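I have placed the structure first, in the form of structure tokens, so that the comments after it can refer back to it.
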Amino acid sequence: MVQRRIILGIVGDSAAGKTTLTRGIAQVLGEENVTVICTDDYHRYNRQQRSEFGITALHPDCNYLDIIQQHLSLLRGGQPILKPIYNHDTGNFDPPEYIEPRQFVIVEGLLGYYTRAARDCYDVKVYLAPPEDLRRTWKIKRDTRKRGYSDEQVITALDKREPDSEKFIRPQRQWSDVVVSFCSPEDSGDENQEHLNVRLVLRPTIPHPDLVRLFDPSSAVDPYSAIRLGLDRDMGKPVDLLEIDGHATSEQVRKLEKILCSDVPSLESCRLDSNVEIGKVTGTTGETIQSYPLALTQLLITYHMLKASSVHQKIGSGGG
């Protein structure tokens, strides 16, 4: 019997931080145990054709959504796929790649939750929702430094894609189990990633860890604490809201880390003081820096992956 694979979805607009989040999660799970694929490889048209047809890569009609959901179903069942490859440098397609799924599969991209059949393939669904001004800043930096565009070209592309972002990308937030929003402290406009806070919307669609243990039950939660837990509403529905500030102390971080590890002992080897490179980002001058909000977000999502794997193994072995 082929063991079913555990699939994590990470969806968000271009330059929302999907690859950075994925990298740390793969580190925690062990890269030898993880297969990462990008749904953006499933574009129907190359860059020149999109320009000629007047369609953006964000539009569903520009992507083979039927093949995405077919491949997700095959990967979930442990079957190999022949995955297309879109080359962002050339704007054309490279030869497809034969992929055999490992124990965990991370699927990142623009339209991963767009169809019901695709959504049903995921064990955990994450949506990245940074403030638009911050995402635009990240997009400009990435595309000018890594893809050779000018500031003006990136801004023009962002403006052209905005209607499709609003219509097709952002509504997928409603299907996620966790919404991740990295943001500047107190709207300071500081996009340096070592100082960013994170707001984690936790929907009741999957069982989250008992985070109430973070706080002393005999006293009210300090609204000025670097780690806060409260109730909120997101897209009209009740959710838990976990906020972690960039200036959180190691003591506060370790407390949350301990809760996650107590529920999933295999996370013990992935603590922040271990050799696993989680929460690492590149600073503005190229140096590697540690972000506690990013690290804890990666650990929380990994927690859910391991929990899903544990539940599936119990079901597969006939356990109750």
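Of the residues making up region 158-176, just one is farther than 20 Å from ILE10 by Cα and open to solvent by less than 40 Å² (accessible area, probe 1.4 Å), namely LEU158.
Only residues that are surrounded by fewer than 16 Cβ atoms within 10 Å (Cβ to Cβ) and over 28 Å from GLU162 (Cα atoms) were counted in region 78-93, giving 3. Listed by position, the helices (runs of 4 or more DSSP H) enclosed by region 81-179 that each have at least 3 residues that are touching a residue at least 60 places away in the same chain (Cβ under 8 Å) are 132-145, 151-164.
Under the condition of being at pLDDT 85 or above and not aliphatic (A, V, I, L, M), the residues counted in region 225-256 number 13.
How about region 187-212: which of its residues are exposed (fewer than 14 other Cβ atoms within 10 Å of the Cβ), at pLDDT 55 or above and not hydrophobic (A, V, I, L, M, F, W, C)?
PRO204, PRO207, ASP210
The values are calculated or read from the model by the stated rules, or taken from the named source; none is laboratory data. None of these values were measured; they are calculated from a predicted model. Note that we place each Cβ from the backbone using ideal geometry, even for glycine, and neighbour counts take in every protein chain shown. Only protein heavy atoms, including side chains, enter the accessible area calculation; ligands, DNA and RNA are left aside. Shrake-Rupley method; radii C 1.70, N 1.55, O 1.52, S 1.80 Å.
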